[in-house]
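Worksheet for the structure shown next.
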Amino acid sequence: MARILVDDSENLEKAIKRFKRMVEKEGIIREYKKREYFVKPSAINHQKKTTLERKLLNKRRKTDKKEY
């Protein structure tokens, strides 16, 4: 859990910036978006498979261009 201590003399905007950096570093927003809705395991596997195919296709295209 992200928690910051704010002194009386500290600027509020500065404290908010520190809090945002801490939340980003801990990945809280990313985790929230990932758990926002349920995704079936089969859909996750399908997405991983298509992503891998796309990466391999792009890699193959790049190597084919270099041979010419």
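The values are calculated or read from the model by the stated rules, or taken from the named source; none is laboratory data. This one's a predicted model, so the numbers in the text were calculated from it and none came from an experiment. Because the Cβ atoms are built from the backbone with ideal geometry, glycine has one as well, and the counts that use them run over all protein chains shown. These area figures cover heavy atoms from the full protein model, side chains too; ligands, DNA and RNA do not enter into them. Shrake-Rupley method; radii C 1.70, N 1.55, O 1.52, S 1.80 Å.
Worth pointing out:
- In the stretch 32-54, the residues that are modelled with pLDDT under 95, hydrophobic (A, V, I, L, M, F, W, C) and open to solvent by 90 Å² or more (accessible area, probe 1.4 Å): Phe38
- Among (1) open to solvent by 100 Å² or more (accessible area, probe 1.4 Å); (2) at pLDDT 90 or above; (3) in contact with a helix residue (DSSP H, G or I) (Cβ under 9 Å, 6 or more places away or on another chain), the one test that Arg3 misses: (2)
- Single residue of the stretch 6-31 satisfying the filter (under 14 Å from the mean Cα position of the chain (by Cα) and of a type in the set (A, V, I, L, M)) that is most open to solvent (accessible area, probe 1.4 Å): Ile29
- Any hit, the stretch 20-27, residues being at pLDDT 90 or above, touching a helix residue (DSSP H, G or I) at 6+ places or on another chain (Cβ under 7 Å) and not polar (S, T, N, Q): yes
- Those residues of the stretch 15-51 which are among the β-branched types (Val, Ile, Thr) and touching a residue at least 24 places away in the same chain (Cβ under 8 Å), in sequence order: Ile28
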